[in-house]
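**Student:** Got a structure for you, written out below as structure tokens; questions coming shortly.
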């Protein structure tokens, strides 16, 4: 999928981000020096061996499944289902043991609270469950990198990107750029641009198409990883840049009064 | 755990929330009328039967495990591990098949992006994986209700609530009320109050104790549910109240310029 329409001009503090692509992502910085202190607590479940077996999937077919699954298990559940259900059929375990439907709760930014868009949460669950957590050894950090970079892609891309073959809503659906991985911001900007309320069929179909778009992008990235061609590093390093976990549009919430985080003594 | 210290005065738009406890939570409202259209897509994984078997756990023991596990798998992974590792030992499957460590990525509000605090995400994963998604039939909605109400408790409670028996940091750790389920807001308010930077041992121990606090509260709620005594309904209904998925402190980001969501025609 070509990442057209990237709207960098919307990303505040852009000037501070030069070179961020070469920095470790924030979470790794948080964890530095503490990664192995409590290894004795590791429980070693039967499926905690990574990577899980993966066969390349068709992005378009996956997006169609995700679109339709949205109407059953909503954004997060649909991203997970669109990929794990296919891998369950192609490969079997450990995918068949994963309780996909439990992740309906990711809807509405986690049970309606408007936090992270469920499609972003679902994409991170899929990439990290397949490739593994960054603590699992060399190469396993790609699961977190793919998930993090999909949140950046989500924030910068006019969504929905993917149009289903047989959409339930036949009229055009507005595309909006969220500048944020959050449900509240993503849905709010779309509602403002389109004028449709949260309960409208158009808003629902917009979210189903966003879910399909994320599933499409995720399969592209997983296929590249399978081929040994996913070379990207995490493109966003908030802790190293700003001294706190953060998304990119500081001014979106803080306006011009952006606080300065306490920093370590030099 | 007594929910002492609830600081309702910090919650903006409080006046609008009267009676919200009797409303369906936002996500259910979003989904209304679309819950079963695509049932044919259900894949029926081997562990998609709810509730999963549950035996009551000790909240204090669970909090201690969560505290220590934070230093291995961080906030979200530690909440999941503290409960599923015990249930895996007591009960076995399906807990042993769940890839706990894959959820390290919840750290820092999902790979450092500062979205939902991983301990809240982990709590929702645990409650929904055990009790089931709301689409799984009568009673299964309690999984989402427990998860949603823990986010409200998290937002209103001075945290960390739980002090471990043998903390790594011996000095007092400041308690702060986040008024938000988000990592960025929760950590940011604590950093402002304490003056400690993100990479400090004190900030890390604070987050480990917050994780322990959430695990403690979650086990209390799961035990009450097991005894048939979890009567609460979701206490936050943003879609019904505001016409959009949302957290509670609108003014925290919007200041006095809170937008009005498009609403359906009367």
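Bear in mind these aren't lab numbers, they're just calculated from the coordinates by the rules spelled out. Small disclaimer: the values here were computed from a predicted structure and weren't measured. Every residue, glycine among them, receives a Cβ derived from its backbone with ideal geometry; neighbour counts consider all protein chains shown.
**Student:** How many nanometers, to one decimal and shortest first, lie between the label point of residue A:265 and those of its other copies, if labels sit 7 Å from Cα toward Cβ?
**Tutor:** With the label placed 7 Å along Cα→Cβ, residue A:265 yields 6.7 nm.
**Student:** Next question. To make sure I understand, if each residue's beta carbon is the centre and we count other beta carbons within 10 Å, what order do B:168, B:72 fall in, fewest to most? Please report the intermediate quantities before stating the final value.
**Tutor:** Working: B:168 16, B:72 22.
So the residues, fewest neighbours to most, are B:168, B:72.
**Student:** Fewest Cβ neighbours within 10 Å first, please rank A:214, A:111 accordingly.
**Tutor:** A:111, A:214
**Student:** In what order do A:170, A:189 fall by count of nearby beta-carbon atoms within 10 Å, going from fewest to most?
**Tutor:** Numbers: A:170 7, A:189 18.
Final ranking by Cβ density, sparse to dense: A:170, A:189.
**Student:** Further, regarding this structure: Inter-copy label distances at residue B:251, 7 Å along the Cα→beta-carbon direction, one decimal in nm, shortest first?
**Tutor:** Label point to label point, same position, other copies: 2.5 nm.
**Student:** What is the distance, in nm, between label points placed 7 Å from the Cα along the Cα-to-Cβ direction at residue A:226 and at residue B:254?
**Tutor:** 4.4 nm
**Student:** Assuming a viscosity of 0.890 mPa s and a temperature of 25 °C, what translational diffusion coefficient in µm² per second does Stokes-Einstein assign to the stretch B:53-250, Rh being the Kirkwood radius over Cα pairs? Spell out each step's value before the answer.
**Tutor:** Numbers: Rh = 16.8 Å.
The estimated diffusion coefficient comes to 146 µm²/s.
**Student:** Above 17 angstrom, tally the Cα pairs of the stretch B:146-211 and express them as a % of all pairs, no decimals. Please report the intermediate quantities before stating the final value.
**Tutor:** Numbers: 765 of 2145 pairs.
So the portion of pairs separated by more than 17 Å is 36 percent.
**Student:** Ranking request for peptides B:91-103, B:112-124, A:225-237: highest mean number of other beta-carbon atoms within 10 Å first, then the rest in descending order. Please list the in-between numbers first.
**Tutor:** On the way: B:91-103: 22.5, B:112-124: 31.5, A:225-237: 16.2.
The densest-packed peptide leads the list: B:112-124, B:91-103, A:225-237.
**Student:** To continue, here is another question. Starting from one equal scatterer on each C-alpha and no solvent at all, send me the Debye-based log10 I(q)/I(0) for the stretch A:57-137 at q = 0.11 Å⁻¹, two decimals.
**Tutor:** For the stretch A:57-137 at q = 0.11 Å⁻¹, log10 I(q)/I(0) is -0.27.
**Student:** According to a simple spin-label model (label point 7 Å from Cα along Cα-to-Cβ), what is the distance in nm between residue B:193 and residue A:201?
**Tutor:** 4.9 nm
**Student:** What is the distance in Å between the Cα centroid of the stretch B:71-142 and that of the stretch A:204-256?
**Tutor:** When both Cα centres are located, 22 Å separates them.
**Student:** To the nearest whole number, what is the average tally of beta carbon atoms from other chains within 10 Å of the beta carbons of peptide B:149-156?
**Tutor:** 1
**Student:** Any idea what diffusion coefficient the stretch B:80-121 gets from Stokes-Einstein, in µm²/s, Kirkwood Rh on alpha carbon pairs, 10 °C, 1.306 mPa s?
**Tutor:** Details: Rh = 11.0 Å.
Calculated translational D: 144 µm²/s.
**Student:** May I ask you to report, in nm to one decimal and beginning with the shortest, the distances from residue B:229 to the same position in the other copies, taking label points 7 Å along Cα-to-Cβ?
**Tutor:** Here the equivalent label points are 6.0 nm apart from this one.
**Student:** Find how much the distance from residue A:263 to residue A:58 grows on full extension, using 0.36 nm per residue of separation minus their present alpha carbon separation; answer in nm with one decimal.
**Tutor:** Contour length minus the Cα-Cα distance gives 69.2 nm.
**Student:** Mind running the shape call on the stretch B:148-266? Use the C-alpha gyration tensor, a ≥ b ≥ c as the square roots of the eigenvalues: rounded below 1.5 for a/c, prolate if a/b tops b/c, oblate otherwise. Mind showing how you got there, number by number?
**Tutor:** Values: a/c = 3.87, a/b = 1.35, b/c = 2.88.
Taking the square roots of the gyration eigenvalues as a ≥ b ≥ c, the stretch B:148-266 is oblate.
**Student:** Run through every distinct alpha carbon pair of the stretch B:124-176 and return the Kirkwood hydrodynamic radius in angstroms, one decimal place. Please report the intermediate quantities before stating the final value.
**Tutor:** Details: mean 1/r = 0.0762 Å⁻¹.
Hydrodynamic radius (Kirkwood, Cα pairs) of the stretch B:124-176 is 13.1 Å.
**Student:** If you don't mind, there's one more thing I want to ask. Between residue A:169 and residue B:233, what is the spin-label point distance in nm, taking each point 7 Å from the Cα along the Cα→C-beta axis?
**Tutor:** Each label point is offset 7 Å from its Cα along the Cβ direction, giving 2.9 nm.
**Student:** Applying a 10 Å radius around every beta-carbon, put B:76-89, B:191-204, B:251-264 in order of their mean neighbour count, most first.
**Tutor:** Highest mean packing first, the order is B:76-89, B:191-204, B:251-264.
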